[in-house]
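Visitor: One structure follows; several queries about it will come next.
Readers should treat all values here as calculations from the given coordinates under stated rules, not as data from a laboratory. These figures come from a predicted structure and were not determined experimentally. Glycine gets a Cβ as well: all are built from the backbone with ideal geometry, and neighbour counts include every protein chain shown.
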Amino acid sequence: MRIAICGSMSFAKEMLEVQKLLQNMGHQAEVPCDTELHVQKPEFVDDLDGNYVHCTENDIIRRCFDVIAAADAILLLNYPKNGMNGYIGASGLKDGKVLLGKRKSSHGAGEWAWPGGHLEYMESYEGCAKRESMEEAAIVIQNVRFLFLGNLKQYAPKHYVHVQLLADWKSGEPRVCEPKKCEERRWFGLEELPSPLFGSCEASIEAYKTGRTFFDA
């Protein structure tokens, strides 16, 4: 049997041990293509910038999906991690859910919001979304597209032209990378969102559900 072994790279050593065990039993067992690298360099798991470059330049995600697609069975190693038993990694928590963080900044403190920030000089909208997602939450996003344009005035005297984008999660386990700006990050279903929501998030939900693309508050 051809078996694809999956799990957090924090368990790279364990994945190789299980691979050897299955091979000794006569199975064709495969692990993610960069598992050996994470065993040799365990600190690489927490090297967010290095991991991002490594994954994008070597097409790691697609290569892992190819292994899974060709397998007869998938073995998910869910060892305890981050104080959680039965941990299966963030990839099992994306369908139909959104990532929110509880703000600690000067405006919207205590409100829940998506990762985001200011557009840098000469930066593209997509580039900004990908950069902010990595800087604030340590996640890689893909399929970035336009959601709505808004006139955000409820945090006066601050006043923003708000460009809201929609994207799909690609990889990474969410973290609080900027603890001075965010208390925590969690995934929520669209029908079980926390309260209060940051102003642009309320509009985002309406835009997503109705197709509305312009909010001139």
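Visitor: Taking the beta-carbon count within 10 Å as an exposure proxy, list ASP72, ASP66, ASP34 from fewest neighbours to most.
Guide: Working: ASP72 10, ASP66 13, ASP34 18.
In order of increasing Cβ crowding within 10 Å: ASP72, ASP66, ASP34.
Visitor: Quote to one decimal, in nm, the extra length available between TYR125 and GLU17 on full extension: 0.36 nm per residue of separation minus the C-alpha distance between them. Please report the intermediate quantities before stating the final value.
Guide: Details: separation 108, 0.36 × 108 = 38.88 nm, distance 4.34 nm.
Using 0.36 nm per residue and subtracting the Cα-Cα distance, I get 34.5 nm.
Visitor: Could you state the orientation-averaged shadow area of the convex hull built on the Cα atoms of segment 127-217, in nm² to one decimal?
Guide: On the way: hull surface 26.0 nm².
Convex hull of Cα atoms, orientation-averaged projection: 6.5 nm².
Visitor: Now a separate question. For helix 125-137, report the angle its Cα long axis makes with the longest principal axis of the Cα atoms of the chain; keep it between 0 and 90° and round to the nearest 10°.
Guide: 70
Visitor: If you take every DSSP beta bridge fully contained in the chain, what fraction is antiparallel? Give it as a percent rounded to 5. Write out the running numbers ahead of the final one.
Guide: Working: 19 of 29 bridges.
Here the share of antiparallel DSSP bridges comes out near 65 percent.
Visitor: When the chain is treated as a GNM, springs tying every alpha-carbon pair under 10 Å, which of ARG185, ARG63, ARG175 comes out with the largest mean-square fluctuation?
Guide: Per the Cα network of the chain with a 10 Å cutoff, ARG63 tops the list.
Visitor: If you don't mind, another one. Please provide three numbers in whole Å: the alpha-carbon extents of the chain along the principal axes, with the largest listed first.
Guide: Per principal axis, max minus min of the Cα coordinates gives 67, 36, 34 Å.
Visitor: Evaluate E = 1/(1 + (r/R0)^6) for THR213 and ILE74, where r is the Cβ-Cβ distance and R0 equals 45 Å; express this FRET efficiency to the nearest 0.05. Walk me through the numbers before you get to the answer.
Guide: Working: r = 39 Å, r/R0 = 0.87.
According to the calculation, E is roughly 0.70.
Visitor: While we're looking at this one, here's another question. Contour minus end-to-end for ARG175 and HIS118, with contour as 0.36 nm per residue of separation and end-to-end as the Cα-Cα distance? If you can, show how the numbers build up before the last one.
Guide: Values: separation 57, 0.36 × 57 = 20.52 nm, distance 1.99 nm.
My answer for the length gained is 18.5 nm.
Visitor: Please tell me which of these pairs span more than 21 angstrom C-alpha to C-alpha: LYS97/LYS130; LYS158/LYS181; LYS130/LYS209; LYS102/LYS209; LYS13/LYS170? Display every interim value, and only then the final one.
Guide: On the way: LYS97/LYS130 18 Å; LYS158/LYS181 17 Å; LYS130/LYS209 23 Å; LYS102/LYS209 23 Å; LYS13/LYS170 24 Å.
Over 21 Å Cα-Cα: LYS130/LYS209; LYS102/LYS209; LYS13/LYS170.
Visitor: So for the chain, taking the charge dipole from beta-carbon charges (+1 Lys/Arg, -1 Asp/Glu), which of VAL31, ILE139, GLY150 sits furthest toward the positive end?
Guide: Ranked along the dipole, the leading option is GLY150.
Visitor: Test of understanding: ordering GLU126, GLU183, GLU136 by Cβ neighbours within 10 Å, fewest first, what list do you get? Don't skip to the answer; put the middle values down first.
Guide: Numbers: GLU126 16, GLU183 13, GLU136 23.
Neighbour counts put them in this order, fewest first: GLU183, GLU126, GLU136.
Visitor: Relative to the longest principal Cα axis of the chain, at what angle does helix 12-24 sit, 0 to 90 degrees, rounded to 10?
Guide: Helix 12-24 and the main axis of the chain meet at about 40 degrees.
Visitor: Contour minus end-to-end for PHE188 and GLU202, with contour as 0.36 nm per residue of separation and end-to-end as the Cα-Cα distance?
Guide: Numbers: separation 14, 0.36 × 14 = 5.04 nm, distance 1.39 nm.
Fully extending the segment from PHE188 to GLU202 adds 3.7 nm.
Visitor: Output wanted: per-residue J couplings in Hz (rounded whole) for segment 64-74, from phi through Karplus 6.51 cos²θ - 1.76 cosθ + 1.60, θ = phi - 60°, x for Gly and Pro.
Guide: Using θ = phi - 60°, the values come out as 5, 4, 4, 4, 5, 5, 8, 7, 8, 8, 10 Hz.
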